[in-house]
């Protein structure tokens, strides 16, 4: 893959003009050892794929592996018994929701989100979003990573003020997944809406106050 594929603790693939399903979590919500284990498992499975496939077939298998790794990560977050759950506080969840909306439509087109007690699911469309300014450090930056940096920076500052604390609010790592077709878009919209139900937080998805879907995305998913 091109330089739009990179990783820190988890793999990232940022092709331009794509729709992304993103998950980011609170600092301390998962132990570093677990994240490192996920990375090691990913890299081990990726090496096996590279021995067996090449070209387009390798890209397809990598994509499936990326989805599987995301599913592992998300399931662990939903079941995490330890760590901060600051977003269960409506004051903080409202701050996050407000700032998610504030970056639409200049930094992304907002399609959907769900704010859980220790993490956030975000569905955004990056089509037509300009390349961000290159930072003085020269570090690789995509429109998606730039938008997430703004979002996490703003929400961290405001939420820490409410909590009267300092220090990291979000984990540095985020996990993002490219949505490739309408069928997958439908599945992800359904997942975002139903995540609080699947996590056992409410019995009816409509009872969760911090889920949002743009009307047109619901129509698109229903038409699939």
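Bear in mind that the values in this text are calculations on the coordinates, not laboratory data. Bear in mind the structure is a predicted one, so any value in this text is a computation, not a measurement.
General remarks:
- With Cα atoms, 0 to 90° folded angle of helix 55-79 axis to the chain main axis: 30 degrees
- Relative to the longest principal axis of the Cα atoms of the chain, helix 90-102 runs at roughly 50 degrees.
- For the chain, taking the reciprocal of the average inverse distance between every pair of different Cα atoms yields a Kirkwood hydrodynamic radius of 18.3 Å.
- Cα gyration tensor category, rounded, prolate or oblate, for the stretch 4-125 with a/c compared to 1.5: oblate
- Result for the chain in a Gaussian network model with C-alpha springs under 10 Å: among 143, 133, 196, the largest mean-square fluctuation is at 133.
- Degrees, to the nearest 10: 32-52 long Cα axis against longest axis of the chain: 30 degrees
- Across the stretch 5-222, C-alpha contacts under 8 Å between residues 6 or more apart give a mean separation that, scaled by the residue count, equals a relative contact order of 32 percent.
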